[in-house]
Amino acid sequence: MRNARGSLIRPTPLPESASRPVVTPLSPSVAYSSDTPDMLDAQYEGRLQGYTYAREGHPNADVVAARLDAMEGMDGGVVTGSGMGAVACVLMGLLKAGDHVIGANQLYGRSMRLMAEDLPRLGMTTTLADPGDISAVRAALRPETRMILVEVVSNPSLRVADIKGLAALCRERGILLVVDNTFTTPRGFRPFDHGADIVIHSITKLLAGHSDVMLGYVVARDGALSARMSVFAVTAWLTPSPFDCWLAERGMLSFELRFDRAQQTAGLLADHLAGLPGMARVLYPMRADHPDHTRAQDLLGGQGGNMVSFELTGGRAAANAFTRAADGLSFAPTLGDVGTTLSHPATSSHRALSADERAQLGLSEGFFRVSVGLESPDDLLRIFSEGAAAAIDAGISAR
Ligand SMILES: *Cc1c(COP(=O)(O)O)cnc(C)c1O
């Protein structure tokens with residue numbers, strides 16, 4: 001079939017249809033054609049809504065942004081090619097040489113690296129502090145401090161930041177509180193309701209939820225800041241591909257159901273693990289024995305999330321035996337997948353630290369972080385029981 005102009009080299013216009021697709025169409029077009037220079041002018045000046053070039057924006061990204069804007073209760077959010085793209089938009093799109101940032105002392109590894117290596121190289125200074133200890137954060141403040149970057153629940157120790165105290169401190173000093181809400185998700189926690197100025201997500205994790213797409217999101221309470229981050233994202237190519245956005249939207253359709261189910265199972269798993277022999281400790285914010293239990297209840301209102309951490313008594317030998325026996329779980333460094341995944345910080349996310357530094361964080365060779373998925377709770381608890389039993393056997397034979 002030839003198109004209207006009879007040329008094979010131009011795409012054939014889509015056939016007309018009075019009915020509409022029930023699924024968001026994928027728009028891979030890099031460029032969009034306008035009718036006239038007047039029209040293009042109007043588009044660039046915002047008098048007319050229209051796309052021009054995909055790095056600057058495309059329908060699939062706008063659909064994902066609108067969904068997250070609604071979840072976080074803000075407008076003007078920016079979708080980025082990964083969660084780290086969103087972190088980079090905040091730190092590199094808003095700060096300038098001479099500025100100082102305070103980061104939580106247990107940030108996501110790559111966020112930590114940006115703080116420790118890249119910002120100083122670009123003339124900014126950084127300090128890490130415990131986000132559960134307001135006096136420590138206050139002590140880190142300097143006249144040139146511009147922002148504090150924290151995660152609500154830390155990885156992998158699941159410590160809960162004092163978001164309310166940090167928000168009060170930021171208001172008092174006129175600086176920005178930036179909250180990475182990846183672990184908690186907007187279903188579990190809404191940072192803007194608690195005084196945050198900027199919210200970051202790795203959509204890659206629970207929001208998209210199927211481990212087949214990397215994407216991030218950032219939005220500020222102040223629309224002018226969101227606009228600045230958007231310009232930086234477009235300039236530095238932190239903006240996302242249409243196909244990734246299309247996949248993420250599909251995953252997000254079932255996000256709330258997945259989150260609720262995984263969270264419910266996580267609570268069951270935490271209590272189950274705590275009753276198994278060979279466990280040194282179990283960490284879950286909704287358990288009464290969690291070090292930040294009171295704050296978690298106050299801040300998260302019973303929403304403990306889908307992440308559980310535990311420590312086996314038997315060290316590396318027990319850890320090896322556990323993953324071998326629990327082969328129904330993916331031993332893989334990610335989280336938020338439909339399937340339960342297990343990560344071992346000592347050999348992955350925290351391998352760059354010395355054994356002493358890991359010990360200070362409580363991350364022994366027996367420490368695992370679990371991202372609970374959608375398996376039937378009965379199956380999942382059985383797999384963990386089998387893993388723990390194998391870990392005990394390994395501990396005995398190693399002695
Ligand atoms: C994974 C993650 C990121 C980075 O997101 P990517 O999509 O992997 O780039 C940032 N913060 C937290 C808390 C994460 O878990």
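When restricted to residues that are among the hydroxyl-bearing types (S, T, Y) and either open to solvent by less than 10 Å² (accessible area, probe 1.4 Å) or part of a helix (DSSP H, G or I) (or both), segment 314-342 contains 3.
Among the residues of segment 226-260, which ones are among the hydrophobic types (A, V, I, L, M, F, W, C) and touching a Ser or Thr at 6+ places or on another chain (Cβ under 7 Å)? Once the filter is applied, which keeps residues that are among the hydrophobic types (A, V, I, L, M, F, W, C) and touching a Ser or Thr at 6+ places or on another chain (Cβ under 7 Å), segment 226-260 yields A233, L238, W246, F259. When the criteria are applied in full, L215 meets the requirement of being buried (at least 21 other Cβ atoms within 10 Å of the Cβ) and either under 14 Å from the mean Cα position of the chain (by Cα) or among the hydroxyl-bearing types (S, T, Y) (or both). F368 passes all but one of (1) closer than 23 Å to P285 by Cβ; (2) assigned to a loop (DSSP other than H, G, I, E, B); (3) of a type in the set (A, V, I, L, M, F, W, C); which number fails? In the conditions (1) closer than 23 Å to P285 by Cβ; (2) assigned to a loop (DSSP other than H, G, I, E, B); (3) of a type in the set (A, V, I, L, M, F, W, C), F368 misses (2) alone. Within segment 302-313, the set of residues being over 26 Å from A355 (Cα atoms) and crowded, with 22+ Cβ neighbours inside 10 Å comprises G304, G305, N306.
Being open to solvent by 40 Å² or more (accessible area, probe 1.4 Å), on the phi > 0 side of the Ramachandran plot and among the small types (G, A, S) is a property that holds for G46. Put simply, of M92, M84, M115, M124 the only residue that is aliphatic (A, V, I, L, M) and away from the ligand (no atom under 16 Å from the Cβ) is M124. The helices (runs of 4 or more DSSP H) falling completely within segment 1-120 that include 1 or more residues that are touching a residue at least 60 places away in the same chain (Cβ under 8 Å) map to 59-72, 83-94, 109-113. Applying the criterion of being open to solvent by 20 Å² or more (accessible area, probe 1.4 Å) and in a loop (DSSP other than H, G, I, E, B) to the residues of segment 156-174, the residue that is nearest to H350 (Cα to Cα) is R159. When P186, P131 are screened for being in contact (Cβ under 8 Å) with a residue 60 or more places away in the chain and touching an Asp or Glu at 6+ places or on another chain (Cβ under 9 Å), only P186 passes. The set of residues in segment 95-112 being of a type in the set (A, V, I, L, M, F, W, C) and within 16 Å of the ligand (Cβ to nearest atom) consists of V101, A104, L107, M112. When residues in segment 343-352 are screened for being touching a Leu at 6+ places or on another chain (Cβ under 8 Å) and not in a helix (DSSP H, G or I), 2 of them pass. Please specify each residue of segment 244-301 satisfying the condition of being closer than 26 Å to G165 by Cα and open to solvent by 50 Å² or more (accessible area, probe 1.4 Å). A288, D289, P291, T294, R295, Q297, D298, G301 - these are the residues of segment 244-301 that are closer than 26 Å to G165 by Cα and open to solvent by 50 Å² or more (accessible area, probe 1.4 Å).
Scoring P143 on the criteria (1) part of a loop (DSSP other than H, G, I, E, B); (2) within 16 Å of the ligand (Cβ to nearest atom) leaves a single failure, condition (2).
The values are calculated or read from the model by the stated rules, or taken from the named source; none is laboratory data. This is a predicted model, so every value here is computed, not measured. So basically every Cβ, Gly included, is an ideal-geometry build from the backbone, and we count neighbours across all protein chains shown. Ligands, DNA and RNA are excluded from the accessible area calculation, which covers all protein heavy atoms including side chains. Shrake-Rupley method; radii C 1.70, N 1.55, O 1.52, S 1.80 Å.
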